[in-house]
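None of the figures in this text is laboratory data; all of them are computed from the coordinates on show. Keep in mind the model is a prediction, meaning the values are calculated, not measured. Neighbour counts run over all protein chains shown; Cβ positions are idealised from the backbone, glycine included.
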Amino acid sequence: MVRKKSWPKIDSSNEVQHFVNKMCAEYDVPFIKVIVKSKKWMEWFAGKGVSACAFWPCEGYEGDNIEKYIAFDGQTCRISGNERSIPIKISQRRQIVERFHTVIHEFIHHYFFHHYRMSTKYHGKEFRKIEAKINSEYGIYFFYSKNNYAMWFHNFWGVPYAWGKPRHDERGWI
Ligand SMILES: [Zn+2]
């Protein structure tokens, strides 16, 4: 009821990759490569204000053997990677929750594209249903904004994941 699954350690691109691999196995979708880029690159690639996205170089192609990517702006998402060696800084619990939520969110785009050949750009009803379900397994709850992005993260009892230093188990360190 509270939290069925423990939170993973996802400080580096390798660790995010490892977590995404586990999700892929659990939800029966093919491997997807995780890349961590600069804030500048992400905005150039995906548009202003975008900090993460799932994409496919030949969108619409029916095969599963093309390489697919989930890209993160390392600075905003607080993930260190090959192309971003500055150490990540996390001082608030909220930052941990937002990062984790973002990783799951991008995975769900991959999930829908694979299973339903469906663009989930606008985070429709089905997308939000699965998103709420997966997050709740980790004890993460939230409300949706008008444009279907999660906000105001809180725990099962409605206590906000806002300020305060994250505990070691929340960082996935134990
Ligand atoms: Zn999205």
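Which FRET efficiency value, to the nearest 0.05, is calculated for W173 and E137 with the Förster distance at 25 angstrom and r the Cβ-Cβ distance?
Details: r = 20 Å, r/R0 = 0.80.
According to the calculation, E is roughly 0.80.
The H on the amide N of K37, modeled in the peptide plane, is under 5 Å from the matching H of F72, D73, G74, each at least 5 residues off or on a different chain. Other residues whose C-beta falls under 14 angstrom from the C-beta of A150 contribute a net charge of +3, scoring Lys and Arg +1 and Asp and Glu -1. Remark: C-alpha extents of the chain on the principal axes read 44, 36, 31 Å, sorted largest to smallest. Taking θ as phi - 60° and the Karplus parameters 6.51, -1.76 and 1.60, the scalar couplings of the range 164-170 work out to x, 6, x, 6, 4, 5, 6 Hz in sequence order, x denoting glycine and proline. Residue exposure proxy: V34, V16, V50, ordered by other Cβ atoms within 10 angstrom of their Cβ from fewest to most, comes out as V50, V34, V16. Within straight-line reach of K37, meaning a Cα separation under 23 Å, sit the following lysines at least 8 residues removed in sequence or on another chain: K9, K22, K48, K68, K89, K121. Over the residues of the chain, the helix contribution to mean residue ellipticity at 222 nm works out to -11500 deg cm²/dmol, using -39500 (n - 2.57) for each DSSP H run of at least 4.
Each peptide in 107-119, 90-102 was scored by the mean count of other Cβ atoms within 10 Å over its residues; highest first, the order is 90-102, 107-119. For the range 123-145, list residues with backbone N below 19 Å from a point placed 7 Å from the Cα of H154 toward its Cβ? Zone members listed by number: 132-145. Result for the chain in a Gaussian network model with C-alpha springs under 10 Å: among K40, K125, K146, the largest mean-square fluctuation is at K146. Fully extending the segment from D28 to F55, taken as 0.36 nm per residue of separation minus the present Cα-Cα distance, adds 7.9 nm. Remark: the range 40-49, residue by residue, has Karplus-estimated 3J(HN,Hα) of 4, 4, 4, 5, 5, 7, 10, x, 4, x Hz, where x stands for each Gly or Pro and the curve is 6.51 cos²θ - 1.76 cosθ + 1.60 at θ = phi - 60°.
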